[in-house]
Amino acid sequence: MKKIIVFLMLATILTGCSMDIKIHKFNSYKDAKDIIERGWIPENIPTNATNIQEVHNLDSNKANGRFIIPKDETDKFIQTLEKVDKKSVLDDKFIETKWFNEKDIKEKIKNNKLTVGTKDDNIYAVSKNGDVYYWAK
């Protein structure tokens with residue numbers, strides 16, 4: 001009987017932890033509109049963004065994600081951002097996923113493979129091929 005109680009307690013604790021993290025993936029801006037309106041994805045992402053992914057923690061209110069914009073529009077998007085010293089974002093913490101690897105993103109920022117900027121309350125890291133990562137300040 002004691003083992004069953006311990007098992008149920010552990011199952012409840014483990015289930016509760018995993019429920020705090022939510023992950024969403026959308027093919028287009030239109031598909032993501034509901035989550036954008038809830039504030040988990042920045043309102044100012046381009047309307048032609050595709051492969052939009054976001055992860056958020058309900059307890060901490062932390063959120064980060066990524067999306068893709070056409071390669072020929074990366075410079076235009078970067079111009080909408082306020083410049084940020086790349087060193088200032090290297091201590092930021094993210095929610096890790098397969099598609100949002102903190103170590104990889106920070107390495108690309110250090111090596112100037114991602115241009116970093118801010119808009120509203122978000123930091124963006126943009127590659128020349130159209131990959132855009134974002135997280136809250």
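Does Gly16 fit the bill of being out of contact with any Pro (no Cβ under 9 Å at 6 or more places or on another chain), modelled with pLDDT under 90 and not aromatic (Phe, Trp, Tyr)? Walk me through how you get there before you give the answer.
Numbers: out of contact with any Pro (no Cβ under 9 Å at 6 or more places or on another chain): yes; modelled with pLDDT under 90: yes; not aromatic (Phe, Trp, Tyr): yes.
Criteria met by Gly16.
For Asn112, work out the one condition from (1) without any contact (Cβ under 8 Å) to a residue 60 or more places away in the chain; (2) on the phi < 0 side of the Ramachandran plot; (3) part of a loop (DSSP other than H, G, I, E, B) it doesn't fulfil.
The single condition Asn112 does not satisfy is (2).
I'm checking my understanding of the structure. Among residues of the range 71-112 that are buried (at least 16 other Cβ atoms within 10 Å of the Cβ) and of a type in the set (Ser, Thr, Tyr), which one is modelled with the highest pLDDT?
For the range 71-112, the residue satisfying everything is Thr74.
State all residues of the range 33-50 that are closer than 20 Å to Phe100 by Cα and part of a helix (DSSP H, G or I); if no residue qualifies, say none.
Passing the criteria: Ile35, Ile36.
Here is a yes/no grid of residues against (1) under 17 Å from Lys22 (Cβ atoms); (2) outside any loop (DSSP other than H, G, I, E, B); (3) in contact with a Cys (Cβ under 9 Å, 6 or more places away or on another chain):
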site	(1), (2), (3)
Ile52	yes, yes, no
Val55	yes, yes, no
Ser60	yes, no, no
Arg66	yes, yes, no
Phe77	no, yes, no
Lys87	no, yes, no
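The values are calculated or read from the model by the stated rules, or taken from the named source; none is laboratory data. On a predicted model such as this, the values are computed, not experimentally measured, just so you know. So basically every Cβ, Gly included, is an ideal-geometry build from the backbone, and we count neighbours across all protein chains shown.
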